[in-house]
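**Student:** Please see the structure below; I have some questions.
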Amino acid sequence: MEKCLFCRLAAGEIPSDTLFEDDRVKAFKDINPGAPVHFLVIPKEHIASVRDLAEHDADLLGHIFDVINTQAKRAGLVPNGYRIVVNHGADAGQSVQHLHFHVLGGRKLSWPPG
Ligand code: AMP
Ligand code: ZN
């Protein structure tokens with residue numbers, strides 16, 4: 001089966017502006033930032049969307065949120081705050097079918113999102 005875009009990015013087959021990586025996850029800057037700070041955190045294993053997560057992913061999710069919080073602090077988003085977004089499906093505008101957590105900050109973010 002052909003690898004998806006973020007599987008290839010996770011494997012280093014396409015370049016990324018990497019902030020952090022280990023054997024399970026990768027954090028990198030979004031190529032089309034929607035805020036002064038906008039990075040993505042992905043699992044290296046292919047999980048297509050948030051709906052494919054299950055109980056056995058609890059450890060991985062805990063690790064992902066640890067990476068999100070560490071990188072958000074490193075990017076200067078503490079204490080002002082940041083937003084974590086996961087888009088799922090067409091109505092939410094998911095464009096890459098590999099689970100990714102957006103982390104946005106560095107400006108006042110409006111609510112509700114468009
Ligand atoms: P979503 O619309 O929630 O699926 O988000 C996909 C995100 O991936 C968008 O914000 C894109 O700008 C971003 N993106 C797509 N390709 C790349 C890439 N090669 N490197 C970094 N970010 C990317
Ligand atoms: Zn993938």
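**Student:** If you scan the range 32-56, which residues turn out to be part of a loop (DSSP other than H, G, I, E, B), open to solvent by 50 Å² or more (accessible area, probe 1.4 Å) and within 16 Å of ligand 2 (Cβ to nearest atom)?
**Tutor:** Lys44, Glu45, His46
**Student:** Within the range 72-114, can you find the residues that are out of contact with any Gly (no Cβ under 8 Å at 6 or more places or on another chain) and within 16 Å of ligand 2 (Cβ to nearest atom)?
**Tutor:** Val86, His88, Gln94, Ser95, Val96, Gln97, His98, Leu99, His100, Phe101
**Student:** Only one of these is open to solvent by less than 40 Å² (accessible area, probe 1.4 Å) and without any contact (Cβ under 8 Å) to a residue 40 or more places away in the chain: Leu9, Leu61. Name it. Full working, then the answer.
**Tutor:** On the way: Leu61 fails: open to solvent by less than 40 Å² (accessible area, probe 1.4 Å).
Exactly one residue qualifies, and that residue is Leu9.
**Student:** Okay, moving on. Given the criteria over 25 Å from Gly114 (Cα atoms) and not β-branched (Val, Ile, Thr), does Asp59 qualify?
**Tutor:** On the way: over 25 Å from Gly114 (Cα atoms): yes; not β-branched (Val, Ile, Thr): yes.
Against the criterion (over 25 Å from Gly114 (Cα atoms) and not β-branched (Val, Ile, Thr)), Asp59 qualifies.
**Student:** Sticking with this one: Pull up the range 97-114, narrow it to residues that are out of contact with any strand residue (DSSP E or B) (no Cβ under 7 Å at 6 or more places or on another chain), within 18 Å of Ala35 (Cβ to Cβ) and at pLDDT 95 or above, then point me to the one that is surrounded by the fewest Cβ atoms within 10 Å (Cβ to Cβ).
**Tutor:** Step by step, filter the range 97-114, then rank; the result is Pro112.
**Student:** For the range 5-40, name all the residues that are out of contact with any Pro (no Cβ under 9 Å at 6 or more places or on another chain), under 13 Å from His98 (Cβ atoms) and more than 11 Å from ligand 1 (Cβ to nearest atom).
**Tutor:** Of everything in the range 5-40, those that are out of contact with any Pro (no Cβ under 9 Å at 6 or more places or on another chain), under 13 Å from His98 (Cβ atoms) and more than 11 Å from ligand 1 (Cβ to nearest atom) turn out to be Cys7, Ala11.
**Student:** Which residues, counting only those in the range 1-28, are touching a helix residue (DSSP H, G or I) at 6+ places or on another chain (Cβ under 7 Å) and under 15 Å from Leu60 (Cα atoms)?
**Tutor:** Residues satisfying the conditions are Arg24, Val25, Lys26, Ala27.
**Student:** Still on this structure: Among the listed residues Asp23, Asp59, which satisfies the condition of being on the phi < 0 side of the Ramachandran plot, in a loop (DSSP other than H, G, I, E, B) and more than 15 Å from ligand 2 (Cβ to nearest atom)? Can you show your working first?
**Tutor:** Details: Asp59 fails: in a loop (DSSP other than H, G, I, E, B).
The match here is Asp23.
**Student:** Right, another one. Are there any pairs with C-beta distances below 7 angstrom linking a residue in the range 79-90 that is within 12 Å of Ser49 (Cα to Cα) to a residue that is open to solvent by less than 70 Å² (accessible area, probe 1.4 Å) and assigned to a helix (DSSP H, G or I), with the two at least 6 apart or on different chains, and if so which?
**Tutor:** From the range 79-90, the pairs are Val86/Val50; His88/Val50.
The values are calculated or read from the model by the stated rules, or taken from the named source; none is laboratory data. Please read all numbers here as calculations on a predicted model, not as lab measurements. Here Cβ is always computed from backbone atoms with ideal geometry, including for glycine, and neighbour counts include all displayed protein chains. Heads up: the accessible areas ignore ligands, DNA and RNA and are worked out on the full protein's heavy atoms, side chains in. Shrake-Rupley method; radii C 1.70, N 1.55, O 1.52, S 1.80 Å.
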